[in-house]
1. Using the C-alpha gyration tensor of region 278-387, what are the square roots of 5 times its eigenvalues, in whole angstrom, with the largest one first?
2. Take every Cα pair under 8 Å in region 3-241 that's 6+ residues apart, average their separations, divide by the length, and report that relative contact order as a whole percent.
3. Please sort by residue number the chymotrypsin sites (Phe, Trp or Tyr not before Pro) in region 133-223 whose DSSP state is loop and whose Cβ has at most 13 other Cβ atoms within 10 Å.
4. Going through the cross-link list Lys284/Lys315; Lys104/Lys166; Lys110/Lys174, which pairs have a Cα-Cα distance over 27 Å in this structure?
5. Could you tally the net charge around Lys165, taking each other residue with its Cβ under 15 Å from the Cβ of Lys165, Lys/Arg +1 and Asp/Glu -1?
6. Of all the stretches in the chain, which is the longest one without any exposed loop site, taking GluC sites (Glu not before Pro) in a DSSP loop (any state but H, G, I, E, B) with at most 16 other Cβ atoms within 10 Å?
7. Report Rg(Cα)/(2.2 N^0.38 Å) for region 147-212, keeping two decimals.
8. Note the per residue figure in Å³ for the convex hull of the C-alpha positions in the chain.
Amino acid sequence: MSLQSVIMMTGRQLFRRRFVEEWKFQWKVLRSVFDWTVILYVVIPALVVAPFVYMEMWQDIHLYWSEEIPFAILLGLILILSVIGNFRTFLLEADLLFLVQRKKFLYQLKLSGFLYSVLGVILSTAVLFIVILPIFVFIYDFFVMDILCLFVAVNAFRFLLLTIKKIISRSLRKWIAFPAVFVVAFMLILNADSMMLAIGSLLIIGFVCYFHLTQFVTTNRYFLQELAIEQSERVRYIKLILNFSQEVEMPPVKQRKRPMLFRNSGRVFKVRSKENSLLEFLLKAFLRNKGYIKSYTQIIGLSLFGIIVLPVWLKWILFLCFTLFVNTWIKSIYRQMMVSPFFTVVPYGDEALSDAVWPRFRKWIAIPSAVFVGGLSFLLSLLEFFK
């Protein structure tokens, strides 16, 4: 796109052009995965079967959802899915040099991006509610007004959470803010009066929209955060493909003078041996890896949430599944760490040493989480028994 053509455009026209260009780019990314064989044997059959499955849900929802599953489980899943997305601006890096000087032009572009994002949030939530509508009607006996109030509340939660995601750039603050907003929204939706909840949610949506129009659309205060969001949104499907690709692995490389954990750590084990040295190295590497810790806490958090809200017999089934999954996941992480490029430069020895260290590594990582999750299951089961 030439500079002259941009000058002749309005902000809305530039938004439409960038919107079309991005979806062309995303379509090319998806086409790289969905070739004609996948489309013919997976996508088309799924599109044909989906309407019949949805019709069957209206006829007999018990084939897909149980009355014994509490509404809190479904609400938790809805709120977790609501985290997906961002408020878009469709800015590019070059705009920092040119469009920043044209405030009206930039205002139109950002306003169009915000309105598109609002429409996307509402429509995606509506699609989700349409899909699970039979569950609301036949399992939990929701009336139309109950569903509408819940719909407004979920949209308010999404608006608020996506705004926090845009304002807060530091990961630590996000880890504090997101669970707090999630828990508050979860408890309010479960316990508050439907009509009062809807009114409060509409006020939150109105406040968030006003905040965006005054703090984001009309100013460049969060310009760098908006650029980071646009870069992330542009490569979202590429990241998704790479995450599910077993052949491609690109571990993040961060240069730090000192690690976040064990900055002044000495030896973990008093007795020095090859096994202890390798185990100590692997434990510190695991605990210092942000990605490993994030996945580890997410697994534990989701399991704890399920154990809190599920019936007693499902708590122990979930606990069994948790222990099996954690063991498999830790085994995968262990193998990944053992083929690290570090061990090409500094060999650790033969496979016998790796096999000897694995049970001890699993004990240090898996047992604490299993004891914690199992202990909570036991305490909650006792409380249910003595009710």
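1. Working: eigenvalues 228, 33, 20 Å².
The equivalent ellipsoid of region 278-387 has semi-axes of 34, 13, 10 Å.
2. Details: 166 pairs, mean separation 67.5, N = 239.
Computed over region 3-241, the figure is 28 percent.
3. Numbers: sites: Phe136, Phe138, Tyr140, Phe142, Phe143, Phe151, Phe157, Phe159, Trp175, Phe182, Phe186, Phe207, Tyr210, Phe211, Phe216, Tyr222, Phe223; in loops: Tyr140, Phe142, Phe143, Tyr222.
Loop-located and lightly packed - Phe143.
4. Numbers: Lys284/Lys315 32 Å; Lys104/Lys166 22 Å; Lys110/Lys174 24 Å.
Pairs exceeding 27 Å: Lys284/Lys315.
5. Values: positive: Arg88, Arg158, Lys166, Arg170, Arg173, Lys174, Arg236; negative: Glu226, Glu230, Glu233.
That works out to +4.
6. Details: sites that count: Glu67, Glu68, Glu247, Glu249.
Answer - 69-246.
7. Details: Rg = 12.2 Å, N = 66, 2.2 N^0.38 = 10.8 Å.
Taking the Cα Rg and dividing by 2.2 N^0.38 Å, one obtains 1.13.
8. Details: hull volume 83.2 nm³, N = 387.
Per residue, the Cα convex hull of the chain comes to 215 Å³.
The numbers here are math on the coordinates, done by the rules we state, and not lab data. Note that this is a predicted model, so its numbers are computed, not measured. So basically every Cβ, Gly included, is an ideal-geometry build from the backbone, and we count neighbours across all protein chains shown.
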